[in-house]
Structure formats: structure tokens, C-alpha cells
1. For q = 0.12 Å⁻¹, what log10 I(q)/I(0) does the stretch 254-385 give under the Debye formula with an equal point scatterer on each alpha carbon and no solvent?
2. Work out how much length residue 5 to residue 310 would gain on full extension: take 0.36 nm times their residue separation and subtract the Cα-Cα distance, in nm to one decimal.
3. For the chain, what relative contact order do you get, as a whole percent, if you take Cα pairs closer than 8 Å and at least 6 residues apart?
4. In whole percent, what relative contact order does the stretch 263-384 give with Cα contacts below 8 Å and a gap of six or more residues?
5. Quick one: if you take sqrt(5λ) for each eigenvalue of the C-alpha gyration tensor of the chain, what semi-axes come out, biggest first, whole angstrom?
6. Multiply the residue separation of residue 280 and residue 20 by 0.36 nm, subtract the distance between their alpha-carbon atoms, and state the gained length in nm to one decimal.
7. Under the definition of Cα pairs under 8 Å and six or more residues apart, what whole-number percent is the relative contact order of the stretch 92-187?
8. Arranged by the count of other C-beta atoms within 10 angstrom, fewest first, what order do 174, 12, 365, 30 take?
Amino acid sequence: MNLDIDRKLIMLPGPTNVSDRVTNAMIKPLINHRSSSAKLLFEDVKNKAQKIFQTSNEIITLTCSGTGGWESAVTNLIKPGDNVIVPSFGEFGHRWGDYLTSYGANVKKVIAEPGSVPNIDDVKKAFEEFDQVKALFVVYNESSIGTTVRWLEEAGKLCSKYGAFFVVDSISNLGGDDVKVDDWNIDFCITASQKCLAAPPGLSIISLSEKVKDYLSNNPSQSLFFNLHRYLQFAERGETPFTPSLPLFYALNEAFDIILEEGLSNRIKRHQVCANAFYETFENSKLEPFAEKNARSNTVIAIKYPENVNDVDFRSMLENKFGIIVGGGFGNLKGKIFRIGSMGEINESYVLRTISSINSNFSLLNKNCEIDVKNSLNILKELNK
């Protein structure tokens, strides 16, 4: 089998493009994961992660996907019969709520129509109507439909008021949007390596508040791999309880260096500007963004297909003729939208190439969407200011 793969522009909502600098970091010699060199590596990753999470909380890096980070939150914080609230406005919010239900929790979903998000008053009402809420689980950036909630600070205050854990999935936007863990009182924040952090897939990075650490010390999880109390104990001596993926730690450490060299605020601005360029260009064409304006993501742009466009034909032609990979829709939206990951290494060149290729691709499918790449140029000038 020939496994030679041509390099293409990955405009998926993850995994994303990885720089040569990050890729090359993975070829460093393997070391003993109990050695002093490994301890220095783990400490370096932790210190840099705290700056990106904007927290002084403990950082744990798991060798697993973001879904593993999800599962660790549930298995460590929740017991059968606990009451939890889950805003549900896309595939991942629905999935988290369903998993919590399967784990035995009593789940109150705060529902919003696809393309919109629940408002904070709906969340407040859920707290008022649901007794002894153990935790609020929020998907910050719903990558399945390109929507984002903007009330995490208020939600953190609600959780403090009611004594609930505040659990946030920032998998698809940490490193590309503001995630103020300490200022927003986030107890358990989850991200993954392969999206805005622009590292390869395979690591989930989580931050744990003192409140969570105290709870775990008295209520250790029955999970073997995801027992976070055990991770915390090993972290005290600079180790992990199980063998970590050292090449991925090297890559993540290098990706963190790149983020901090650019500056977190500069990086967030770059993501905002590039997202605005996509939205402005598509809105001035015959294409329509799926998300409502006040709910739009800065890292995932979801676009409605024109009538009579086949999703598989569109995305396969875009990849094979233009070398650009975008995502499709989930569930009921499969075949109705396509999704662009505007994250990680996203820049002026990637935006312009993607827009012009999408325009040409629709033309080949006999759809004139009147996409004018010039609409994005004025916005992208903000990157040079």
C-alpha cells in the first residue's frame, strides 16, 4: 500500500495545519518518561499552558483526544443521581448531555435552535428550577455548526452562587479566542492539541481549580486511566501515572512557544480578523452563514449550501482539484452545510486561497455564487496594523 500523501491545505475544524517547526519537534530522541529530562518537559508544558489558559490552576495533559478530556470531567466529577445543566445547541452539547445521562446524571438541557445559542437568562432559570445542581457543562464553541456563547463570565458567577462546578469545553477555540479560566471562575476547562493550538492530534489539556482538586482528593474516580486524583499525585513529583506520548509533548511544547512568541492577544485578533473576512465575503455573495450574527464563531465558519449542490461532490472536488479540505455537516445538517476551520495557523494567504477556490469550485458545479475575494482584502489589512 502506498502511503505517500500530498500536502494539502487543511481547513477542517480540526485537525488543522501543523507547522514544520512543530512537526520537526517530534523527531527529538525518545527519553525515559521518569527521567529528569521528562520532568523538565512536563513542567515546561504546564507553565506555558497556564499562560494560554490564563490561569494559575493545575494543568494536566492526557494522552488522548478531546473526547477523553470530556470523559475525564464526567467520570471524576459526577455520580449517578447528580443534577447537572447542559446548554445544548449543537452536536457536541447534545452528545455531552447524552453521555451524562448514560452515566446516571439527571440532565436538564437548555435548548436553542441550531444557528443560535441559549441566553444566560435561560441558564439562570435552569439553576432556579433545578435543585442542588452539581455542575454546569458548557460547550464554549460549538464546532458542529459554528456558534459560540459569550456569557461564560456570567455563568461562572452563577456557578459560584449555587456552589456548582463550572465545566467548559474550549476544545475548538482555546488559543483562538479568549478563555479566561481564572477571571471566569472555570473549575474544569478542557482543550485538545489539534485545533487552535496547531499541534498534532492526541493530547487533551485540562485545567483544574482548587475546588476540583479538593473534591477529587475526597472522591477519587473509579476510572483507571482517567483517575485525575492519581494524575495530580504523580504531578507533584513531575511525572505522569501512565506512559505519555513523548513526541506529542515535544510538539505541543513547540506549538506553545509559537503561540507565546506571537502573543496571545495578537493570536486572538488574527483569528477574529480572518473569521470576519470569511463572513463578510460570504455575506456579500449568494452564500449564507449558518449561524446568527450574535452567535458566530471566530474559529469555525459554517456556510449553507445553495440549492441542488451535492455535499460529497463539492468537498471532494475542492480537495482533489484545489487541494483544500473542508468539513461537512453533522446529523440533520449533513449535506446542508459545509464548515471551514479558521484556526491555528490561519492567515491572509489561507483565507484568500480558500475563498477563491470555493468560488471556482462552485463555478465548476455550474453555481455562480458571486463570491468576490476583494471583499476580504480590506478586512485582512487589519492583520498588518
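What follows draws every value from the coordinates through simple rules; no lab data is involved. On a predicted model such as this, the values are computed, not experimentally measured, just so you know. Heads up, the Cβs are rebuilt from the backbone with ideal geometry, glycines too, and the neighbour counts pull from every protein chain shown.
1. Listed by q, the Debye log ratios stand at -0.46.
2. Values: separation 305, 0.36 × 305 = 109.80 nm, distance 2.56 nm.
Gain in length upon complete extension: 107.2 nm.
3. Working: 765 pairs, mean separation 87.4, N = 385.
Relative contact order for the chain comes out at 23 percent.
4. Values: 167 pairs, mean separation 42.1, N = 122.
Contact order relative to length: 34 percent.
5. Details: eigenvalues 235, 140, 65 Å².
Rounded to whole Å, the semi-axes are 34, 26, 18.
6. Numbers: separation 260, 0.36 × 260 = 93.60 nm, distance 3.10 nm.
Contour length minus the Cα-Cα distance gives 90.5 nm.
7. Values: 109 pairs, mean separation 25.4, N = 96.
In percent, rounded to a whole number, it is 27.
8. Working: 174 28, 12 21, 365 17, 30 10.
The most exposed by this proxy come first: 30, 365, 12, 174.
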